[in-house]
1. For the stretch 188-211, give me each residue that is more than 7 Å from the ligand (Cβ to nearest atom) and outside any helix (DSSP H, G or I).
2. So which of Asp104, Asp121, Asp125, Asp161 is farther than 23 Å from Thr405 by Cα, more than 16 Å from the ligand (Cβ to nearest atom) and not hydrophobic (A, V, I, L, M, F, W, C)?
3. Scan the stretch 42-52 and tell me whether some residue there is part of a loop (DSSP other than H, G, I, E, B), among the aliphatic types (A, V, I, L, M) and at pLDDT 95 or above.
4. Among the listed residues Arg498, Arg527, identify the single one that is open to solvent by 20 Å² or more (accessible area, probe 1.4 Å), in contact with a Pro (Cβ under 8 Å, 6 or more places away or on another chain) and more than 16 Å from Thr425 (Cβ to Cβ).
5. If I ask for residues that are farther than 17 Å from Asp382 by Cα, open to solvent by less than 20 Å² (accessible area, probe 1.4 Å) and not in a strand (DSSP E or B), which ones from the stretch 348-372 would you list?
6. Going through the stretch 271-304 one residue at a time, which ones are surrounded by 15 or more Cβ atoms within 10 Å (Cβ to Cβ) and among the β-branched types (Val, Ile, Thr)?
7. Go through the stretch 373-395 and count every residue that is within 18 Å of Pro509 (Cα to Cα) and either open to solvent by 40 Å² or more (accessible area, probe 1.4 Å) or away from the ligand (no atom under 12 Å from the Cβ) (or both).
Amino acid sequence: MSTNGHEIEQEQELDVLVVGAGFSGVYQLDKLRKAGFSAKVFEAGKNFGGTWYWNCYPGARVDSDFSIYQFSSEELWKDWNWTERFPGREELVKYFDYVDKKLDLRRDISFDTRVTAADFDTTTDRWVVSTQNGRTIRPRFLVLCTGFASKPLFPDYKSLDSFQGIMHHTAQWPQEGVDLAGKRVGVIGTGASGVQVIQETGPVAAHLTVFQRTPNLALPMFQHKLNVATQTKMKATIYPYLLRRREQTFAGFHFDVIHKSLFDISPEERYISFDDLWTKGGFHYWLGAYEDTFRDERANNEVYAFWRAKVLERVRDAEMQRKLAPEVPPHPFGVKRPCLEQQYYEVYNQPNVTLVDLQENPIVEITPKGVKTQDGVEHELDALVLATGFDAVTGSIAQIDIKGTDGSLMREKWGKGLSTYLGLTCAGYPNMFFPYGPHGPTAFCNGPTCIELQGDWIINCITHMRAQGKTRIEPTQEAEDEWTARVNEIYSTHLWSRAKSWYIGANVPGKRVQTLNFTGGIPLYTRLCRESAENGYKGFMIS
Ligand code: N01
């Protein structure tokens, strides 16, 4: 049998096709197999890791503590030890290798297999899924574990391709690496990717030119090494508590926002409290902040002022200070994702580093030799790093030609306004789920936490259908409209719209600006999902 000229594979009875072999896809595969389903994974990369496979640029590193940024099953954590509080990309790749061996995953995974299209066949209640390398498969369920950052965003500068030196996007960095030592390097973008490349490259480049459009309100990582003895002790005591605590906090970390106003305490107590959060490192100063930080601009200004004072202490030159930590906040603190830095600000004290503020002096074109700015200067470069981010959250799914029951493409449906039910499913697209995607807690949650909570919900749902002898599930339009209205309502009560960020699609020229995430926190999200399931999958049509 053939469709679109592709041979349909023998696995006519496959229960689930999972797309992607990062944290989410690996979790799905293991749990689906344990629940007795047949499952396969198609992965575009040549190895495990998803985002950790592709983002192999210099300095790539996780921004969550080791203890919670991993799978929560004891089967996996009991024999694994990390070497740093915030593990680097190489260590995460090794972790995936360990997980693969432990769970015997590889036999059900096809690497180098990019899914390009999926059509729902209403006569058989199966998806017909096609890949770039000519495969077609017909699973009952399709679980898109494509992550929030699998469609890189390239800047639309005039003659970008004319550059004659080395040029790569951070998310398409060559797996064999690129030696930037001794080179004249330019970096466009100062998001988390840009900051990591800059702090790694500044000390070794002949010259580094940073092209900054918006300063990153970066926070100190306070990295440290770990030893096995400490982790052995933690495993016997606190580990399970830390991992379970993730389900109880706003952003799925082991610490929570402080549920009171920062104006309920004295200025002295506030300063000491800010300093304490700061000293803990990581995201404590952001996701462990007073809750009015994200709703009340006056509270937010206090948080920004403390952040700014800390940064100014570290940067010597007044012009650099002005560009990196301006007196007037570029946007409210924390409504656009800050990143974790290590010696990032000290890089700007080096004589070989130039910072170009693109708000004052925009790029006019890319030339064969480098980057030309409006002041007429041509910044000559050997290498240009595009740290310009992603068509995030929806882009990962919308780039696949997914056709629903009425033949319309998912990207067309979402182009008119994002709508989902529970941030997991869509009306008109039966038997399809997308963990860690649009309208889920995604960008507002630690990755593995979100992936496990949503992943369990999906597997329980499919298990319920098998027990009932059912073959098709999709949300009603009414349930989807209600969910979408709820997501938008929760979003509108906070300051999130006050920064142009990937959280709301504002980073992509022409993309509709709207919330792409559920911003109500993990406890509320999981309660709403659980309530649907406990009420016979309320909001869904099952047949
Ligand atoms: O992408 P970004 P990212 N001209 O969109 C600039 C995760 N992550 O890859 O801010 C000039 O945040 C853009 O400028 P502006 C993490 O969740 C985690 O860095 O839009 N500049 C911005 O500075 C993160 O939030 C880690 O004004 C242009 C930058 O490029 C998410 O992934 C590491 C431009 C893009 O920043 C995305 O991070 C890396 C243009 N035309 C990523 N277009 C960890 O540490 C864009 N920019 C775990």
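The values are calculated or read from the model by the stated rules, or taken from the named source; none is laboratory data. Only a predicted model underlies this, so the values are computations on that prediction, with no experimental measurement involved. Positions of Cβ are generated from backbone atoms using ideal geometry, with glycine treated the same way; all protein chains shown enter the neighbour counts. Each accessible area value is taken on the protein alone, full model and side chains, heavy atoms only, with ligands, DNA and RNA left out. Shrake-Rupley method; radii C 1.70, N 1.55, O 1.52, S 1.80 Å.
1. Restricting attention to the stretch 188-211, the residues satisfying the condition of being more than 7 Å from the ligand (Cβ to nearest atom) are 195, 197-210.
Those that are more than 7 Å from the ligand (Cβ to nearest atom) and outside any helix (DSSP H, G or I): Gly202, Pro203, Val204, Ala205, Ala206, His207, Leu208, Thr209, Val210.
2. On the way: Asp121 fails: farther than 23 Å from Thr405 by Cα; Asp125 fails: farther than 23 Å from Thr405 by Cα; Asp161 fails: more than 16 Å from the ligand (Cβ to nearest atom).
Result: Asp104 is the single residue among Asp104, Asp121, Asp125, Asp161 that is farther than 23 Å from Thr405 by Cα, more than 16 Å from the ligand (Cβ to nearest atom) and not hydrophobic (A, V, I, L, M, F, W, C).
3. Of the stretch 42-52, the ones part of a loop (DSSP other than H, G, I, E, B) are 43-50.
Next, from what is left, pick out any that are among the aliphatic types (A, V, I, L, M): 44.
Filter once more, keeping what is at pLDDT 95 or above: 44.
Checked against the condition, which is being part of a loop (DSSP other than H, G, I, E, B), among the aliphatic types (A, V, I, L, M) and at pLDDT 95 or above, the stretch 42-52 yields at least one hit.
4. Values: Arg527 fails: in contact with a Pro (Cβ under 8 Å, 6 or more places away or on another chain).
So the residue among Arg498, Arg527 that is open to solvent by 20 Å² or more (accessible area, probe 1.4 Å), in contact with a Pro (Cβ under 8 Å, 6 or more places away or on another chain) and more than 16 Å from Thr425 (Cβ to Cβ) is Arg498.
5. Tyr348, Leu358
6. Thr293, Val303 - these are the residues of the stretch 271-304 that are surrounded by 15 or more Cβ atoms within 10 Å (Cβ to Cβ) and among the β-branched types (Val, Ile, Thr).
7. So in the stretch 373-395, the residues within 18 Å of Pro509 (Cα to Cα) come out as 386-395.
Within this subset, residues satisfying the condition of being either open to solvent by 40 Å² or more (accessible area, probe 1.4 Å) or away from the ligand (no atom under 12 Å from the Cβ) (or both) are 394.
Final tally of qualifying residues: 1.
Yes or no, residue by residue, for (1) under 22 Å from Arg244 (Cβ atoms); (2) basic (Lys, Arg); (3) out of contact with any His (no Cβ under 8 Å at 6 or more places or on another chain); (4) part of a loop (DSSP other than H, G, I, E, B):
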residue	(1), (2), (3), (4)
Ile68	yes, no, no, yes
Ser72	yes, no, yes, yes
Glu75	yes, no, yes, no
Trp82	yes, no, yes, yes
Phe86	yes, no, yes, yes
Glu91	no, no, yes, no
Asp97	no, no, yes, no
Ala118	no, no, yes, no
